[in-house]
1. Going by the alpha-carbon gyration tensor, a ≥ b ≥ c the square roots of its eigenvalues, is the chain rounded (a/c under 1.5) or, if a/c is not under 1.5, prolate (a/b greater than b/c) versus oblate?
2. In a Gaussian network model over the chain where Cα atoms closer than 10 Å are linked, find which of GLU130, GLU183, GLU175 has the largest mean-square fluctuation.
3. Between 0 and 90 degrees, rounded to the nearest ten: what's the tilt of helix 160-172 against the longest Cα principal axis of the chain?
4. Taking R0 as 22 Å, what's the FRET efficiency between GLU139 and GLU175 from their Cβ-Cβ distance, rounded to 0.05?
5. Shape of region 1-96 from its Cα gyration tensor (a ≥ b ≥ c, root eigenvalues): rounded if a/c is under 1.5, otherwise prolate when a/b > b/c, or oblate?
6. Using a/c under 1.5 as the rounded threshold, could you call region 143-205 rounded, prolate or oblate? The axes a ≥ b ≥ c are square roots of the C-alpha gyration tensor eigenvalues, and prolate needs a/b larger than b/c, oblate otherwise.
7. With +1 on each Lys and Arg Cβ and -1 on each Asp and Glu Cβ, how big is the dipole of the chain about its Cα centre, in debye rounded to the nearest 20?
8. Please give me the summed charge of the neighbours of SER16: other residues whose Cβ is under 14 Å from its Cβ, Lys and Arg +1, Asp and Glu -1.
Amino acid sequence: MSRPIGDVILDVSHISLSFGGVKALTDISFDVRKHEIRSIIGPNGAGKSSLLNCINGIYAPQQGSILFRGQEFTRRSSRQIAAMGIARTFQNLALFKGMSVIDNIMTGRNLKVRSNLFQQAVWLGPASREEVRHRRFVEEIIDFLEIQSYRKTPVGQLPYGLQKRVDLGRALAMEPQMVLLDEPMAGMSIEEKHDMSRFILDVNDEFGTTMVLIEHDMSIVMDISDRVVVLDYGKKIGDGAPAEVRSNQEVIDAYLGSSQ
């Protein structure tokens with residue numbers, strides 16, 4: 001890949017997470033470098049989503065630390081972490097199904113709004129100008145994701161693959177430095193997966209956005225990732241370039257299988 005990979009932007013160090021007596025994550029350490037595409041793989045129940053939930057503030061690990069651009073944020077809220085520049089999409093879509101595509105993506109601009117509620121309510125000059133700026137930015141995202149013809153369509157009426165694209169658009173509307181993608185291609189057809197892969201690569205390349213994704217389709221993971229971390233039963237069993245992970249015997253035994 002031609003993209004320049006930078007220094008470490010996210011450093012996850014020895015985090016552990018338990019729910020009662022159940023250990024979801026045990027002593028997990030890995031890092032993410034600026035501009036890279038970093039994949040997290042593993043069997044169902046390996047702790048992948050729990051790991052993303054720790055990174056974006058839904059869970060607070062009992063042990064270890066997480067640093068983003070040198071700032072520790074293990075105990076910050078999801079909103080505070082979003083304000084730091086980390087966006088998130090979810091495996092189970094959390095879109096507003098009755099709202100249009102453009103209005104769903106506009107919700108991603110919430111943290112960028114500077115006018116107060118009174119100005120917005122009476123549509124004073126600064127609020128109206130700000131609204132125009134935000135809508136212009138959102139329209140650019142809609143063009144980028146090639147969903148112009150659906151911009152006024154209620155999201156609930158769209159095919160699943162397009163809803164996933166809207167979810168990505170909402171995350172991009174935050175202008176994040178890093179996007180966490182939780183199974184962005186789950187339930188998609190082969191054609192839809194190829195489209196989403198292309199958009200992930202384009203976002204990473206054209207916007208310079210660092211991407212961290214959970215994905216089960218190994219052909220896609222091995223094709224688009226710079227590095228891959230592998231979890232099994234909440235523990236890290238592999239970490240490295242795709243070719244290195246693919247030849248790791250422990251990873252083969254636990255997840256990839258001999259056919260890989």
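1. prolate
2. Ranking GLU130, GLU183, GLU175 by mean-square fluctuation puts GLU130 first.
3. It is inclined by approximately 80 degrees.
4. 0.90
5. Working: a/c = 1.36, a/b = 1.30, b/c = 1.05.
Because its axes are fairly even, with a/c under 1.5, region 1-96 counts as rounded.
6. Oblate.
7. Roughly 1060 debye for the chain.
8. Result for the neighbourhood of SER16: +2.
Each value in this text was obtained by applying a stated rule to the coordinates, not by laboratory testing. Small disclaimer: the values here were computed from a predicted structure and weren't measured. So basically every Cβ, Gly included, is an ideal-geometry build from the backbone, and we count neighbours across all protein chains shown.
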